[in-house]
Amino acid sequence: MPPIPGAPLSDLFSHQREITLARVAPLADRLRPRTLDDFVGQEAILGPGRLLRRAIAADRVGNLILHGPPGVGKTTLARIIAGSTRAHFSSLNAVLAGVKDLRIEVDGAKERLARHGLRTTLFIDEVHRFNSAQQDALLPWVENGTLTLIGATTENPYFEVNKALVSRSRLFRLQPLEAPHLHQLLGRALRDPEVGYGDRTIVVTPKAADHLVDVAGGDARSLLNALELAVETTPAQADGRIVIDLTIAEESIQQRAVLYDKQGDAHFDTISAFIKSLRGSDPDAALFWLARMVEAGENPRFIFRRMLIAAGEDIGLADPQAVVVVEACAAAFERVGLPEGLYPLAQAALYLAGAEKSNSVLGFFDALKSVRETSRQQVPSHLRDAHRDGQAFGDGVGYRYPHAYAEHWVAQNYLPKALQGEVFWQPGNLGWEGQRRERLQQRRAAQLAAAAELAADQGDLLSSGPDDPQLERWLQRQAAAEGERLDTLRSRFWEGVSWQRTDRVLVLEARSLLWALDPLAATPEGGVVITVAQDCDRERLAAQLQILDSLSKPQLLLVPQTCPEALGTQLEAQSGDRFDWVVARQAWQGLSAAQVEHWIGVVGARLAPSGQWRLLFSSPQLGPAAGLAALLGSPQGPLGNLLDELVALERQQLELLEGSGQAAQRALNDRGWDGHGQRWQETLQLELSAALLERWLAPGSAYLGQIAALRGGPLGAEALQVLREGFSARLGQFLPQKLEHTLLIARRKAGTKAKPASKKPRPGRGS
């Protein structure tokens, strides 16, 4: 092109420089598409009808950040936008530019907007290379619309770009090009006579083309650079052809560079893939990602650190040796160095991939959350150091030394009172912790069940009260100390049982999971069905099942006390098989003898010929007033007179609790069951607290309501005050309590068949 007459000398030199650059520019640069129609790949964001394509066509491109690996078209797309917009287009490379350059662009943009009303689009390549000060300097002008920003980056903009810039931009992720796209680019380079090799006779064999495409790994620039190197370094044959065979292709693009920036996305993505492969127990994938990191030059010490974390987080107590193995392999690596140190590195990875998995140690963070959120965290007095001032303040009093008990364990509270009942560690069922899980479940179940079971022991008279979550929480904490007693009672309940793996067990009116633990573990091929009488019981059991993570989850059925036929209906819908065991504790409380007999008939019809009943009834012998009278030793005066009256009324109510067991025994005998009963007594101590006092004597409590029903009217305000003062004066002391246990065990008599259930009795409670 001839010089332009009258043009300044500087412009002439600039024009000539552009012509020279275009002629000597790399093939990859010469082949850059100029329009969207020439752009290859990225159909997800640039296909027909896509948002970005519509915005470019309408010249309504706002702030954009394009991110993706090298060679996928980020800069090319920015140039296409530049060619299609009516706005002024400027570009900077963040590697070379600084704040001064930004100010120049901003000043120019302001002048163009003020004089000509012309918008300015600023393209910043490698925008993540701008430091925070540079990005902050750009932000106000992007925010007020002086500049429209198009940024390109190989890194995740959420981590490497100012959050304010990210929030004001649309983000588009460009993916590595697929093989068909790269073959298309290769063909274009060979055919185009102006910017490619269309003016020469270039032959690329199919194997050579496949190799170039494969090793390029989705990077168009890498592909075209390799093609250019092959063409320019290969002499033409006698006929003028330049033949690129597989050998030449291999020499031109010998090895794909592993995309791995130790501070970038590829670094974090690869280590993430490695750790997730270990967690997913995939040794092949673990070795692949490990090899990728090693090949990219990752520090093996960093990999060992991450594997130590994985050994604690993802394997934990399923295999306590995992930490030991990784630590030993790390020590071996330090001793032998590279390259032999790769053996212990791979060994550690394979061990973690093959180990049983558990993340139960994450319970620590639940405990940490409770530490931060719970205000009352005083050490319980019985756990405090008694060596300094225990005698003066009672520190250490009441502590039970576990080694003095069977199995070196005793149920006692170790958490602060505000946290009693919390469960932080939930062991898995594999490996080391799986072997210890069942026993832990039994011990926890004894404590989790304590509140519900104590209520069953004492009945409404002693345990029911107003609906108060704090009081319910107190009862759970109070009853936690009953865990050892209940666990012992559970063992006696199932003493002498010979299980079959295929046995089916029906647990009636369960208030906790405690009584189902043994059959759940012993009958994996049979199954356990649990009935509950109320929705609250079903919710409690569902929560216990979740906490305990039972291996064989039972079936829960809601069967009201007054409708045993509901059991048959639900069982028919689920399974018609008979049961080998029917068990219950404290079933049918408050029902009449006729209603208990009806239950025996309905349930007995579902027992297998060799089936067995196992029913445990526990009857309290003292109510609150009787306990206080026993504590005081027959007091005199107004309190003594009032207690005498209340003790007599309590006895009437407590007799109803004894009636269920007696009615069940009579019904079993009448219906052909050969049974016997075991009886024993147990003495308990109930700590008197303000919460328990409120549970008994608050307005609307079940205790006051039943006393009122028995005496024909409520206690007067004066009598109630006397009773409250009598209890209040003994806060912190222990009320005596006695329980009488009756265990009924019954089998069908030889030669007898099950009698049909009796006609459903009229609804009603009491004898």
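The values are calculated or read from the model by the stated rules, or taken from the named source; none is laboratory data. Bear in mind that the values here come from a model prediction, so they are computed numbers and not experimental data. Cβ: placed from backbone, ideal geometry, glycine included. Neighbour counts: every protein chain shown.
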Residues satisfying the stated conditions in region 182-214, i.e. free of Cβ contacts under 8 Å to residues at least 24 places away in the same chain and either more than 18 Å from Val40 (Cα to Cα) or among the acidic types (Asp, Glu) (or both): Pro193, Glu194, Gly198, Asp199, Pro206, Asp210
Criterion violated by Asp674 - all others in (1) touching a strand residue (DSSP E or B) at 6+ places or on another chain (Cβ under 7 Å); (2) farther than 26 Å from Trp588 by Cα; (3) not hydroxyl-bearing (Ser, Thr, Tyr) satisfied: (2)
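Conditions tested, residue by residue: (1) within 21 Å of Pro638 (Cβ to Cβ); (2) under 46 Å from the mean Cα position of the chain (by Cα); (3) modelled with pLDDT under 85; (4) not basic (Lys, Arg).
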residue	(1), (2), (3), (4)
Asp674	no, no, no, yes
Thr683	no, yes, yes, yes
Leu688	yes, yes, yes, yes
Ala691	no, yes, yes, yes
Ser701	no, yes, yes, yes
Arg711	yes, no, yes, no
Single condition Gln612 does not satisfy, out of (1) polar (S, T, N, Q); (2) at pLDDT below 85; (3) under 46 Å from the mean Cα position of the chain (by Cα); (4) not in a helix (DSSP H, G or I): (2)
Exclusive hit being touching a Phe, Trp or Tyr at 6+ places or on another chain (Cβ under 8 Å) and in the same structural domain as Ser619 (by TED's automatic domain parsing), set Trp680, Trp673: Trp673
Helices (runs of 4 or more DSSP H) wholly inside region 158-261 that include at least 3 residues being not assigned by TED's automatic domain parsing to the domain that holds His128: 179-191, 206-216, 220-233, 246-252
Residue list for region 716-766, restricted to those being modelled with pLDDT under 85 and β-branched (Val, Ile, Thr): Thr752
Residue in region 532-539 that is modelled with pLDDT of 85 or more, assigned to a helix (DSSP H, G or I) and surrounded by fewer than 22 Cβ atoms within 10 Å (Cβ to Cβ) present: no
Pick from region 472-500, criterion in a helix (DSSP H, G or I) and among the small types (Gly, Ala, Ser), ranking: modelled with the highest pLDDT: Ser491
When residues of region 333-380 are limited to those that are of a type in the set (Asp, Glu) and not in a helix (DSSP H, G or I), the one farthest from the chain's Cα centre (by Cα): Glu340
Enumeration of residues in region 51-99 that are of a type in the set (S, T, N, Q), assigned to a helix (DSSP H, G or I) and more than 24 Å from Pro176 (Cβ to Cβ): Ser84
Tally of residues being more than 18 Å from Ser360 (Cβ to Cβ) and either in contact with a Ser or Thr (Cβ under 7 Å, 6 or more places away or on another chain) or of a type in the set (A, V, I, L, M) (or both) across region 289-323: 9
Counted residues, region 670-696 - those being closer than 16 Å to Leu743 by Cβ and out of contact with any helix residue (DSSP H, G or I) (no Cβ under 6 Å at 6 or more places or on another chain): 9
Evaluation of Ala310 against (1) within 18 Å of the chain's Cα centre (by Cα); (2) assigned by TED's automatic domain parsing to the domain that holds Ile271; (3) over 23 Å from Thr270 (Cβ atoms) (one fails), failing number: (3)
Output for region 140-170, where each listed residue is surrounded by fewer than 17 Cβ atoms within 10 Å (Cβ to Cβ) and either of a type in the set (Ser, Thr, Tyr) or more than 28 Å from Asp269 (Cβ to Cβ) (or both): Pro140, Glu143, Asn144, Gly145, Tyr158, Ser167
Hits in region 146-165 - residues which are over 17 Å from Ser91 (Cα atoms) and more than 40 Å from the chain's Cα centre (by Cα): none
Selected residue (only one of Ala22, Ala28 is surrounded by 19 or more Cβ atoms within 10 Å (Cβ to Cβ), over 40 Å from the mean Cα position of the chain (by Cα), modelled with pLDDT under 80 and assigned to a helix (DSSP H, G or I)): Ala28
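So, in region 80-100, of the ones that are surrounded by fewer than 16 Cβ atoms within 10 Å (Cβ to Cβ) and closer than 21 Å to Ala133 by Cβ, which residue ends up farthest from the chain's Cα centre (by Cα)?
Applying the filter and picking the extreme gives Lys100.
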Qualifying residue in region 655-665 (condition: of a type in the set (S, T, N, Q) and either in contact with a Leu (Cβ under 9 Å, 6 or more places away or on another chain) or not assigned by TED's automatic domain parsing to the domain that holds Gln589 (or both)): yes
Within region 615-638, tally of residues that are over 56 Å from the mean Cα position of the chain (by Cα) and at negative phi: 3
Neighbours by Cβ (under 8 Å, 6+ apart or cross-chain): first from region 705-731, farther than 14 Å from Leu642 by Cβ; second among the charged types (D, E, K, R): Gln706/Asp460
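Inside region 640-746, counting only helices (runs of 4 or more DSSP H) that do not spill past its ends, which hold 1 or more residues that are among the hydroxyl-bearing types (Ser, Thr, Tyr)? Please lay out each step first, then the result.
Numbers: elements: 690-697, 702-711, 717-728.
Output list reads 702-711, 717-728.
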